[in-house]
Amino acid sequence: MRTTTDRVFRKAFVTGLGMALAALWSAPAQAADVVAAGAGTATRQMLASDTTVPRGVTVDLVRRTMALSAGEKRHLRGRLETTSTTTGIVGLTQRIRCLDASGATVSVVAASARNHEGSDTTTYATPGHLPLYADLLFTAPSADTYTCVLQGTAYSSLPGSYHLTAVADKTWLETDDTDRTGAHWWQNPACESADSAGACTYVGDGAARRDAWVFYDDGTPVHKWQAHPDAVSVSAQANLELTTCYHATASCAVVMQVYPRGKNAVVDTRLEFIQLDATGHACRTHSTTARRTVTDDAHHAVGYSSLTGIPIDSACGTRTFLLRVYVKHVSGQTVKIDGTQSGITSLTNGIAFNNFS
């Protein structure tokens, strides 16, 4: 994701979520905790010491190595909390990347992004501290030893010297200890950072749509998920990444740039997890809603939604579910619904889980 450098005073814009990744760094020492997870236990690897994330470098922060059989699934959740040495705007992207024994990236890379708005920012829960989360459902393509890494990247057009810092004990990678049997991963279609091909989905004013259904009418093949025969309930979650499309941003198609910078955006979202009947129509709809504001300073923002412990209604006649996210523009900037970049990096995604107890 990129923006241009047309803001005056002490803020500068950021460049390059779509940038090439630098070589991986060695992971620093880390601590591990065992926490409860929907499928049993999970191991949380903590960042043991504050770690600098310099401009333009992708830094390995926390990692876990696992020996998996072919087809085994693990849910990974990462949290990256950063502070900044500048009051200017600095882009931040976190990624969860899994590597096989040869060091090659396997399958999809999960990512989330947002601009750190400066060391003097008071709108975060802890002033100056920006937390980001990302989720990945990793499926081992073959029996092998895999190393999954939480990474952070900082990027900006700010002059001078600056860096972000990943905060110890607030930054972690959590990984299931056992197989997530039957879980399913959704990701929406290709949507590059600058969208020069006009492939992304937009909601807003001008040429954009007023609303959209992620994983349903955005070009994603509709997947009807089957809950496991032994599951007693199911859960679902979705991470929705949005980007504001102000004038002269390099993060949206030009035709979608309706307003000058500073207008911000408001959208309503609704995660739906629908149990279908034997005819393929809705039998039981479970949903959760949220109103989300994306400022032009943040520029990119990810919203997290989840539904847990949903009973499987035998009266529906099937154990089939449909997952989708409704996005409606309310006011302000047109927003881009970020998708899959470079064929591998997913910014908007969903997961369905079986619960066996």
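For segment 72-104, which positions are in contact with a strand residue (DSSP E or B) (Cβ under 6 Å, 6 or more places away or on another chain), within 25 Å of GLY182 (Cβ to Cβ) and part of a loop (DSSP other than H, G, I, E, B)?
ASP100
How many residues does segment 110-141 hold that are closer than 30 Å to THR178 by Cβ, aliphatic (A, V, I, L, M) and not in a loop (DSSP other than H, G, I, E, B)? Give the steps one after another, and end with the answer.
Step one: list which residues in segment 110-141 are closer than 30 Å to THR178 by Cβ, which gives 110-112, 131-141.
Keeping just the survivors that are aliphatic (A, V, I, L, M) gives 110-111, 132, 134, 136-137, 140.
Still in the list and also not in a loop (DSSP other than H, G, I, E, B): 110-111, 132, 134, 136-137.
Going through segment 110-141 one residue at a time, the tally reaches 6.
May I ask you to list the residues in segment 153-176 that are aromatic (Phe, Trp, Tyr) and assigned to a strand (DSSP E or B)?
The initial filter retains those residues of segment 153-176 that are aromatic (Phe, Trp, Tyr), namely 155, 162, 172.
Of everything in segment 153-176, those that are aromatic (Phe, Trp, Tyr) and assigned to a strand (DSSP E or B) turn out to be TYR155, TRP172.
Residue by residue through segment 311-357, note down the ones that are surrounded by 18 or more Cβ atoms within 10 Å (Cβ to Cβ), over 26 Å from THR41 (Cα atoms) and either of a type in the set (D, E, K, R) or modelled with pLDDT under 95 (or both).
ARG324, LYS336, ASP338
Does SER107 meet the test of being at pLDDT below 95 and either open to solvent by 50 Å² or more (accessible area, probe 1.4 Å) or assigned to a loop (DSSP other than H, G, I, E, B) (or both)?
Yes: the conditions hold for SER107.
Collect the residues in segment 117-170 that are more than 14 Å from LEU80 (Cβ to Cβ), in contact (Cβ under 8 Å) with a residue 40 or more places away in the chain and among the acidic types (Asp, Glu), keeping them in residue-number order.
Across segment 117-170, the qualifying residues are GLU117, ASP144.
Within segment 228-242, restricting attention to residues that are farther than 15 Å from SER346 by Cβ and polar (S, T, N, Q), which residue is surrounded by the fewest Cβ atoms within 10 Å (Cβ to Cβ)?
Filtering segment 228-242 for residues farther than 15 Å from SER346 by Cβ gives 228-236.
Filter once more, keeping what is polar (S, T, N, Q): 233, 235.
Values: SER233: 16, SER235: 20.
Ranking the candidates gives SER233 first.
Can you name the residue in segment 259-273 that is among the aliphatic types (A, V, I, L, M) and surrounded by 19 or more Cβ atoms within 10 Å (Cβ to Cβ) and is also farthest from ARG292 (Cα to Cα) among such residues? Break it down stepwise before answering.
Start the filter on segment 259-273 by keeping residues that are among the aliphatic types (A, V, I, L, M), which leaves 265-267, 271.
Add one more test, that the residue is surrounded by 19 or more Cβ atoms within 10 Å (Cβ to Cβ), and what stays is 265, 267, 271.
Details: ALA265: 8, VAL267: 5, LEU271: 13 Å.
So the residue we want is LEU271.
The values are calculated or read from the model by the stated rules, or taken from the named source; none is laboratory data. Source: prediction; values computed, not measured. Note: ideal-geometry Cβ built from the backbone for every residue, glycine included; neighbour counts use all protein chains shown. Remember, those area values only see protein heavy atoms, side chains included, never the ligands or the DNA or RNA. Shrake-Rupley method; radii C 1.70, N 1.55, O 1.52, S 1.80 Å.
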